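Here is the structure we will look at.
The values are calculated or read from the model by the stated rules, or taken from the named source; none is laboratory data. As the structure is a prediction and not an experimental result, all values here were calculated from the model. A quick note on method: Cβ atoms are made from the backbone with ideal geometry, for glycine too, and the neighbour counts reach across all protein chains shown. Calculation scope for accessible area: heavy atoms of the full protein, side chains included, ligands and nucleic acids excluded. Shrake-Rupley method; radii C 1.70, N 1.55, O 1.52, S 1.80 Å.
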Amino acid sequence: QVRLVESGGGLVQAGGSLRLSCAASGTIVSINAMGWYRQAPGNQRDWVVSITSSGSTNYADSVKGRFTISRDNAKNTIYLQMNSLKPEDTSTYYCYARGRLQNYWGQGTQVTVSS
């Protein structure tokens, strides 16, 4: 089992920045990628960004150039630096970890961007 704990959400004005963290614990060795999805009320959960165990990253077009994912292997933690935030980035952000047999999810952290 893998447990994911997110932190760092909040309220920010458009153009501002936030940094999300996601700390993993448990059977870390089974994880081959981590990342973030987001879901706004009434919408489906959309993939945002991922980072593999080797450090390869991928971003959704909507966040390229504004968001940066990174990892600290010693702390089993990934980070999402979000810059130039827009009101349309307002969502609940969910950390996920892709395991060999299943995916794991965090509880979600709210990001609200005011215009």
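Summary of values
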read-out: Point-charge dipole on Cβ atoms (K/R +1, D/E -1) for segment 1-92, about Cα centre, debye to 20; value: 120 debye
read-out: With every protein chain in place, the chain: carbon and sulfur % of accessible area (1.4 Å); value: 45 percent
read-out: Karplus (6.51, -1.76, 1.60) ³J(HN,Hα), θ = phi - 60°, over segment 99-114, in Hz, Gly and Pro reported as x; value: x, 5, 10, 7, 9, 10, 10, x, 7, x, 9, 7, 10, 10, 10, 8
read-out: Debye, to nearest 20: dipole size of segment 70-115, +1 on Lys, Arg Cβ, -1 on Asp, Glu Cβ; value: 260 debye
read-out: Selection from ASN43, GLY15, SER53, by position along the positive dipole direction of segment 1-110 (Cβ); value: SER53
